[in-house]
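So the structure is just underneath, and the comments pick up after that.
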Amino acid sequence: MNFLKKEAELSWQPHPFLPIAIKPFLTQKHDQSAITCFLVKIPVGQDIPEHVHETQEDIIFVMAGQAKMWIEHVGEFSLAQGSFVRVPKNTRHRIFDVKEEILNFDIFVPFLF
């Protein structure tokens, strides 16, 4: 396990379940971590379809870009630089209408992969 990772030294790779690119910082598989942390890149025009994490809480911090997000029991709202979102476990959600490429830091508790 690496205790220090530099974003510039990590490579983008396909997300195992969704049509987006990720840069993993911390995973159970490679770091024996109880949480998963990675950067997410969503290009203009790409959506993250409605889905649910049955056992993970999803914490999202938007570092750049503009899009819309929908969360079950909350509704639709805008995402932009500085947005912080908490999606409770077992809650449907999606990201869509990406107007500017989204770059966000995503944390899953407990680990996603």
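Placing a pseudo-label 7 Å from each Cα along the Cα-to-Cβ vector at F77 and R92 gives an inter-label distance of 2.0 nm. Extension gain, F3 to L18: 0.36 nm times the residue separation minus the Cα-Cα distance gives 2.7 nm.
In order along the stretch 18-29, the phi-based Karplus estimate (6.51 cos²θ - 1.76 cosθ + 1.60, θ = phi - 60°) of 3J(HN,Hα) comes to 10, x, 9, 9, 9, 10, x, 9, 8, 9, 5, 4 Hz; Gly and Pro are listed as x. Neighbour counts of other Cβ atoms within 10 Å put V85, V62 in the fewest-to-most order V85, V62.
Distance from the C-alpha centroid of the stretch 89-110 to that of the stretch 1-63: 10 Å, rounded to the whole angstrom.
What's the lysine pair count for the chain at a Cα cut-off below 14 Å, pairs eight or more apart or interchain?
Total qualifying Lys-Lys pairs in the chain comes to 5.
Computed from label points 7 Å out along Cα-Cβ, the spacing between E50 and K68 is 1.4 nm.
Any read-out appearing in this document is the output of simple, stated calculations on the displayed coordinates, not a laboratory observation. Everything quoted here is computed from the prediction, not taken from an experiment. Heads up, the Cβs are rebuilt from the backbone with ideal geometry, glycines too, and the neighbour counts pull from every protein chain shown.
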